[in-house]
Every structure is written in structure tokens, then in C-alpha cells.
Ligand SMILES: [Zn+2]
């Protein structure tokens, strides 16, 4: 059991404006490989923010500072035991290129979500998946530190690599 250190933002790499659900994510992540999934035991995110800004929980967690095994989500290899992961629906433009497709409602929810997590965990550091060690992924398709500064998140909660 480790202390919660990082809140990690992701996208689903789904096309702008298209609705997907946590049931879809569960299939993509936990279906066996031969059935087209990744074969993980658990999905990659604790919470997912839909296009309409609603927040949907995939893996329950409690409010203390520890990451217990039942709380772990598999969002970024190497830091999952110290992290909580969330994702927004989107991340690809209609042309198939990586893009920040967050809707206004998604951005509003994400900001509240981040602020609440910091309220609960005053020392947590927020990062984008693309800032995690050993990743070459562009996820979440926007620069997290720039975004966090733009909404006034304190520097001590902004992960810099
Ligand atoms: Zn990611």
C-alpha cells in the first residue's frame, strides 16, 4: 500500500463528438486479447468524464491518502500504485489526428474534479499521461501544466518533469 502521489489525466482516443460509456472502456481494457481487448484485470481509469460533463466511476476508492490494491487503476505503467487516473471521452479530431476535444462541460467538470482532489489530497501532483515515465503517448492531447496554470492551480500541485 502506497501513498497517493499523482492524479493523472487521460483521454480515450475517441472521435470528437462521439459518445462512449464506461461499459465500452471496460470492454476495451479487460476483454481478453483474442476478443480484441487488452486483457487487463482492471480498467485504466477510476473515473471517466462524458461529453455532457457527467462523471462516471469505474473503480471505487476511499478518501484517504493511501492507494490500496482494490483502488488501483492501470493507467500508466510504473506509477499505478501511487496514482489515481481519470479520462475524458475524446482525444481525436474528426480527421483522426490527436486533438484536445474537451467540450465546455467536460472542462468545467474536470476543473471541479481536480480542485476536489487537491482539497482531499493537498500534496497531490497532477500530470498528463504524456508526462509519466516511459511513455511516448500524446494522451491527454493537451499540455497539462499549461492547462493547470490557466485555471489557477497552485504550482505545488502541478507536476513538472
Ligand atoms: Zn492515457
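Just so you know, all these numbers are worked out from the coordinates, no wet-lab data involved. Model, not experiment: these values are computed from the prediction. Note that we place each Cβ from the backbone using ideal geometry, even for glycine, and neighbour counts take in every protein chain shown.
A few remarks follow.
- Potential extension, residue 19-residue 70 segment - 0.36 nm per residue separation minus Cα distance: 15.6 nm
- Distance in nm between pseudo-label sites at residue 98 and residue 156 (7 Å out along the Cβ direction from Cα): 3.2
- Per-residue ellipticity at 222 nm, computed for the chain from helices alone with -39500 (n - 2.57) per DSSP H run of at least four residues, works out to -6000 deg cm²/dmol.
- Sites residue 27 and residue 143, calculated FRET efficiency, Cβ-Cβ separation with R0 25 Å, nearest 0.05: 0.25
- Inter-label distance, residue 35 to residue 81: 2.9 nm, where each label sits 7 Å from its Cα along the C-beta direction.
- Relative contact order of segment 2-157: 29 percent, from C-alpha pairs under 8 Å at least 6 residues apart in sequence.
- Stokes-Einstein D in µm²/s, Kirkwood radius over Cα pairs - segment 55-142 at 10 °C with 1.306 mPa s viscosity: 110
- Full extension of the chain between residue 52 and residue 111 yields a length gain of 19.8 nm, computed as 0.36 nm times the residue separation minus the alpha carbon distance.
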